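To keep things clear, I will list the structure first and then write my remarks on it.
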Amino acid sequence: NASGYDGPWTPTPTLLTNTYYALMLHVDWTPRTMPSGKVQFQDPTQSIMMLPSDLALVQDDALREFVELYARDSKQFFDDFSDAFAKLISLGTHGLEAAPVRLDYA
């Protein structure tokens, strides 16, 4: 993996749910140093992971409110997500350049 991290954030990575938020609050995360030297966190089964930036959301009091809200209220998560996504689609993006494509995986 080019990022140096490995694994999905949830057991169902292709399904949009509020599980990400519940997992942040209810799993005992253990730090693991990856071969790249980067640290990520794993659940006890070692099947899902979180990044330090993910778990920082529960460390910050203002952001933790949203994590707790979205963990307990999937309707609120979907409402807020759909509003934000609609805004992104309607405003579009400007001034972005395509990243170069790397074809040599050596």
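The values are calculated or read from the model by the stated rules, or taken from the named source; none is laboratory data. These numbers were taken from a predicted model, which means no experiment stands behind them. Methodologically, a virtual Cβ is constructed for each residue, glycine included, from the backbone with ideal geometry; neighbour enumeration extends over all protein chains shown. Keep in mind that these areas ignore ligands, DNA and RNA; they rest on the heavy atoms of the full protein, side chains included. Shrake-Rupley method; radii C 1.70, N 1.55, O 1.52, S 1.80 Å.
Summary table below
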| read-out | value |
| --- | --- |
| Filter pass, Phe41 being of a type outside the set (Asp, Glu) and in contact with a Leu (Cβ under 7 Å, 6 or more places away or on another chain) | yes |
| Total residues in the range 38-51, condition in a strand (DSSP E or B), in contact with a helix residue (DSSP H, G or I) (Cβ under 8 Å, 6 or more places away or on another chain) and of a type in the set (A, V, I, L, M) | 2 |
| Residue tally, condition without any contact (Cβ under 8 Å) to a residue 40 or more places away in the chain, open to solvent by less than 80 Å² (accessible area, probe 1.4 Å) and closer than 26 Å to Asp73 by Cβ, over the range 21-51 | 5 |
| Of all residues in the range 52-106 being of a type in the set (Val, Ile, Thr) and part of a helix (DSSP H, G or I), the one that is surrounded by the fewest Cβ atoms within 10 Å (Cβ to Cβ) | Ile89 |
